[in-house]
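Trainee: Right, I'll just put the structure down here and ask away after.
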Amino acid sequence: MKIFSKEQIYEGDKITTERQNISSTDLMERAGEQIFNWMHLRMQGAQVPIHVFCGIGNNGGDGLVLARHLILEGYNVQTYIVNYSDKRSKDFLINYDRIKTVSNDWPVLLKSSDDFPDIKQDDIIVDAVFGIGLNRPVIDWVQELFKHFKVSKAFTLSIDIPSGLYLDKAPEHENAIVWSSYTLSFTSPKLVLLLPETAKFSVQWEVLDIGLDSEFLLQTKTDINVIGKLEVLPMYQTREQFAHKGHFGHSLIIGGSYGKIGAVILASRASLCVGSGLVTAYTPKCGYIPLQTSFPEAMVITDSSEEFISDIKFDIKPTVIAFGIGVGTHPKTISAFENFLKTNKTPLVIDADGINILSKNEALLKLLPKQTVLTPHPKELERLVGKWNDDFDKIEKVKVFSKKHNVIVVIKGAYTITVYDDILYINSTGNPGLATAGSGDALTGIVTGLIAQGYDALTATIFGVYLHGKSADIAVEDYGYQSLIASHVIEYLGAAYLDLFKQPEPVVEVEPDKNE
């Protein structure tokens, strides 16, 4: 699913009206009807008081269309105009006149906090005040209105975007934004609904299709894409009947230190479970027995040191190498990593202390192979790219870093983002159960195992992040958020693969009993 920029959305509206030979007012009517259909399906005529707050631009026009349809269907509706300016959009004015034809009660004009209506907790608020075009701070009395919404604790439905949020930058402060219970976003989700600092302003969101021109939607390239099942299914590589383990690559997992061998076990298991033909773990000597006893499918090479990696030497030819999980930052380990990078030509996945070492020795970044994959957690990312002011600043810093060093960077979170070549790939799978020790080690192993099989680094990262989250989504049904551990995520990778080909259950229509 694509996430369109503000400019692209406006262009899509324009192209749609031209190609479908409709007016912008017709397109607004279509959008308002879709909101009405969504509400009517769920409310079925229930006489809950509905307060529709309309701005004076096109978002307000959408609200007026909705209010008109609710009135025509007999709902208990009161409409308000939030009069924050003397300017009105053309389509707003047209729909303002139309609503007068279906009700004797004209919309109530709000000009200050003295005009605020009483809203009870069991009422419904429809927020149609500001849309994606907001480009200036919200004035004080409108901020008070948004506080009034929040204090009421009423269910709040936002049209397209919670009012007060900008589409492409961080808000000035929280009081200037509607805290929405649900957002119905036209055509595609908005980036602010997927970022940690701004996603909290809408508990849930859903995309509504308002019939924008299909050719425009298909052919327009976007810098931000949401990755779901439909996007990753074409990435899947089938296996030939006579294939053998040598066809699916050899993953080398370098990591571990005394007390942190478990990280290597998890990454190695994940790599094999996702499909790597062979897996070898390279650890200090203290890792030999744990690996050989707990994970017999893996081969093990040990360092000369007992407790940490001091000199990376091996006589195998791996397809891909992962480095950093549980490795620590002993001076000899840092030196060993530097010497290794000077001669290595094999694709790399770097995580954990491997990233910490890079952040303290920036000269090493020049030694990384092209499209090396970096999978930092938030603090490791900060050490790598520097502190950021907000989520938009973070993304920009990561994009600059990725482009400068030609590396793929994973920004972990509820919607994990893969960044490469100025493009964002936002993952749609995963849940809070992944907030557990070792889940990052599992992800490193998954991405490594996919590269081993022949997936290019970017595809392996996007697909790997998806499978990691989907596996957790399936496993959480059995374990719950609190009891989910990294080993469960690895165990359910097979189920995540199978889910790619699972067909939705058909809807069975029951014939009415003619004798009733």
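Trainee: Going through region 280-370, which chymotrypsin sites (Phe, Trp or Tyr not before Pro) have at most 15 other Cβ atoms within 10 Å and a DSSP loop state?
Mentor: Details: sites: 282, 288, 308, 314, 323, 337, 340; in loops: 308, 314.
For chymotrypsin sites (Phe, Trp or Tyr not before Pro) across region 280-370 that sit outside H, G, I, E and B with at most 15 neighbouring Cβ atoms in 10 Å, the list reads 314.
Trainee: Run through the DSSP bridge list for the chain and note the antiparallel percent, rounded to the nearest 5.
Mentor: Values: 9 of 60 bridges.
Approximately 15 percent, going by the DSSP bridge assignments.
Trainee: When Lys and Arg each count +1 and Asp and Glu each count -1, what net charge do the other residues less than 15 Å away from residue 345, Cβ to Cβ, add up to? Walk me through the numbers before you get to the answer.
Mentor: Working: positive: 317, 342, 366, 370; negative: none.
Net charge in that neighbourhood comes out at +4.
Trainee: Please state the relative contact order of region 130-244 as a whole percent: Cα pairs under 8 Å, 6+ residues apart? Present the calculation step by step, with values, prior to reporting the outcome.
Mentor: Details: 142 pairs, mean separation 24.0, N = 115.
Averaging sequence separation for qualifying contacts and normalising by length gives 21 percent for region 130-244.
Trainee: If you line up the long axis of helix 58-72 against the longest principal axis of the chain, both from Cα atoms, how many degrees apart are they, to the nearest 10?
Mentor: The answer is roughly 60 degrees.
Trainee: Further question on the same structure: From Cα pairs below 8 angstrom and at least 6 apart in sequence, can you work out the relative contact order of region 37-136, rounded to a whole percent? Present the calculation step by step, with values, prior to reporting the outcome.
Mentor: Details: 156 pairs, mean separation 38.1, N = 100.
Computed over region 37-136, the figure is 38 percent.
Trainee: Measuring from centroid to centroid over Cα atoms, what is the spacing of region 261-306 and region 230-245 in Å?
Mentor: 25
Trainee: Answer with a single label: of (1) 87, 64, 44; (2) 69, 57, 40; (3) 73, 71, 41, which was calculated as Cα extents along the principal axes in Å from the structure in view?
Mentor: Here Cα extents along the principal axes in Å agrees with entry (1).
Trainee: With the dipole of the chain worked out from charges on the C-beta (+1 for Lys and Arg, -1 for Asp and Glu) around the Cα centre, which of 27, 39, 244 lies farthest toward the positive end?
Mentor: 244
Trainee: Okay, next question. Name the shape class, rounded, prolate or oblate, that the alpha-carbon gyration tensor gives for region 112-184, where a ≥ b ≥ c are the square roots of its eigenvalues, rounded holds for a/c under 1.5, and otherwise prolate holds if a/b is larger than b/c and oblate otherwise. If you can, show how the numbers build up before the last one.
Mentor: Details: a/c = 2.09, a/b = 1.34, b/c = 1.56.
The shape class here is oblate.
Trainee: For the chain, build the charge dipole from Cβ charges (+1 Lys, Arg; -1 Asp, Glu) around the Cα centre, then report which of 116, 446, 57 sits farthest towards its positive end.
Mentor: The residue sitting farthest along the positive end of the dipole is 446.
Trainee: Return the carbon/sulfur percentage of the accessible area of region 184-300, one whole number, probe 1.4 Å, all protein chains in place. Don't skip to the answer; put the middle values down first.
Mentor: On the way: 3080 of 5440 Å².
Accessible surface attributable to carbon and sulfur in region 184-300 totals 57 percent.
Trainee: Continuing with this model, one more query. Pairs of Cα atoms under 8 Å, at least six residues apart: use those to get the relative contact order of the chain, whole percent. Walk me through the numbers on the way to the answer.
Mentor: Details: 1042 pairs, mean separation 57.8, N = 516.
That works out to 11 percent.
Trainee: Taking only DSSP H segments of four or more residues, each worth -39500 (n - 2.57), what value at 222 nm results for the chain once the sum is divided by all its residues, to the nearest 500 deg cm²/dmol? The partial results should precede the final answer.
Mentor: Details: 17 runs with 201 residues, N = 516.
After summing the helix terms and dividing by the residues of the chain, the value is -12000 deg cm²/dmol.
Trainee: At 1.4 Å probe radius, can you tell me the per residue accessible area of the chain in Å²?
Mentor: Normalised by residue count, the accessible surface of the chain is 46 Å².
Trainee: Just to confirm the number: angle between the C-alpha axis of helix 6-19 and the first principal axis of the chain, 0 to 90 degrees, nearest 10?
Mentor: Around 60 degrees separate the two axes.
Trainee: Taking 7 Å along the Cα-to-C-beta vector as the label spot, tell me the residue 393-residue 245 distance in nanometres, rounded to one decimal.
Mentor: Each label point is offset 7 Å from its Cα along the Cβ direction, giving 5.0 nm.
Trainee: Select from region 55-108 those trypsin sites (Lys or Arg not before Pro) which occupy a DSSP coil region and have at most 13 other Cβ atoms within 10 Å, ordered by residue number.
Mentor: 87
Trainee: Specify the angular offset, from 0 to 90 degrees and rounded to the nearest 10, of the alpha carbon long axis of helix 457-483 from the longest principal axis of the alpha carbons in the chain.
Mentor: Relative to the chain, helix 457-483 is tipped by roughly 80 degrees.
The values are calculated or read from the model by the stated rules, or taken from the named source; none is laboratory data. Keep in mind that what you see is a predicted model, and the values were worked out from it rather than measured. Glycine gets a Cβ as well: all are built from the backbone with ideal geometry, and neighbour counts include every protein chain shown. We work out accessible area using only protein heavy atoms, side chains counted, and drop any ligands, DNA or RNA first. Shrake-Rupley method; radii C 1.70, N 1.55, O 1.52, S 1.80 Å.
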